[in-house]
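Peer 1: To start, I am sharing the structure in question, which I have written as C-alpha cells.
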C-alpha cells in the first residue's frame, strides 16, 4: 500500500501493482465511479444449527436459485461500505486497507476479518488470515474458512463466495454474476 495510491480504488490500493493483472471486468467492478451493481446468484446455506446462527450473525442471504442481487458501494474516506441485497434481504460490510500489502480488513456485524487478496491467473482470490469477534482476536484455527474468487466469463464479472467453519461445515455459499448499473436505490 503506497501513499502514492491515495484516491485510488480500495482494491487497487490493497493489491498494488498486481491490480493490473486482473481482468478488465474485475477491475471495472471496483472502480471509484461504480456505485451499484446488479445480477443474479445461487445461494446455499448450511443446515447445522451453529452454521445457521453464524450465518444470521453476519447476515448472509437466504438460500435460493436465480436470486436477484444488488450491491451498493459507498466510499467513506479510504474505506468502502458494501450493502448487498439478495432477494430483498440485505447485509452490510465495511472494507478498508489492512496493515500490510495485499491485506484488507472487512467487518460484518460483530465479526472482523483480515483478508489476503491475491491475483491467481485470471482471478482474484480472497482468504482469511486473522479474525476477531466483538473486537477480541480469536485463534485462526477456529476462523471461518472463506474461499472467495472474482473472475470473468464471457466478459461478465463473476463471484463465488464459500464460507465454512471447521466445526459445522457449510455456513453459506453464494455465486453468480454482477454488472455495474446506475445507482437507483
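FYI, it's all coordinate maths here, none of it is from the lab. Everything numeric here is computed off the predicted structure, so don't read it as measured data. Backbone-built Cβ (ideal geometry, glycine too); neighbour counts: all protein chains shown.
Peer 1: Stretch residue 129-residue 50 to full length: gain in nm at 0.36 nm per residue minus the Cα-Cα span? The partial results should precede the final answer.
Peer 2: Numbers: separation 79, 0.36 × 79 = 28.44 nm, distance 2.20 nm.
Fully extending the segment from residue 129 to residue 50 adds 26.2 nm.
Peer 1: Moving on to the next point. Per DSSP helix of 4 or more residues, -39500 (n - 2.57); summed, then divided by the residues of the chain. What does that give at 222 nm, rounded to the nearest 500?
Peer 2: On the way: 3 runs with 22 residues, N = 185.
Only helices count here, giving -3000 deg cm²/dmol.
Peer 1: If one computes the Cα centroid of segment 119-185 and of segment 1-60, what distance in Å separates the two points?
Peer 2: That distance is 8 Å.
Peer 1: Note the full-extension length gain between residue 65 and residue 183 as 0.36 nm times their separation in residues minus their Cα-Cα distance, in nm to one decimal.
Peer 2: Details: separation 118, 0.36 × 118 = 42.48 nm, distance 2.45 nm.
In short, 40.0 nm is gained.
Peer 1: If you don't mind, there's one more thing I want to ask. Given an 8 Å cut-off on Cα distances and at least 6 residues of separation, report the relative contact order of the chain as a percent. Don't skip to the answer; put the middle values down first.
Peer 2: Numbers: 445 pairs, mean separation 44.3, N = 185.
It comes to 24 percent, rounded to a whole number.
Peer 1: What's the ranking of 38-51, 134-147 by average number of surrounding C-beta atoms within 10 Å, highest first? Intermediate results must be reported in sequence, preceding the final value.
Peer 2: Working: 38-51: 16.4, 134-147: 12.1.
The peptides rank, most packed first, as 38-51, 134-147.
Peer 1: I'm checking a number: the convex hull volume of the Cα atoms of segment 116-185, normalised per residue, in Å³. What is it?
Peer 2: Numbers: hull volume 9.8 nm³, N = 70.
Given the Cα convex hull of segment 116-185, per-residue volume reads 140 Å³.
Peer 1: Same structure again: Taking just the C-alpha trace of segment 3-180, give me its Rg and Dmax in Å.
Peer 2: 15.5, 47
Peer 1: Could you give me the percent of Cα pairs per 10 Å distance bin for segment 78-120, shortest bin first, beginning at zero and ending with the bin that holds the maximum distance?
Peer 2: 27, 47, 23, 3
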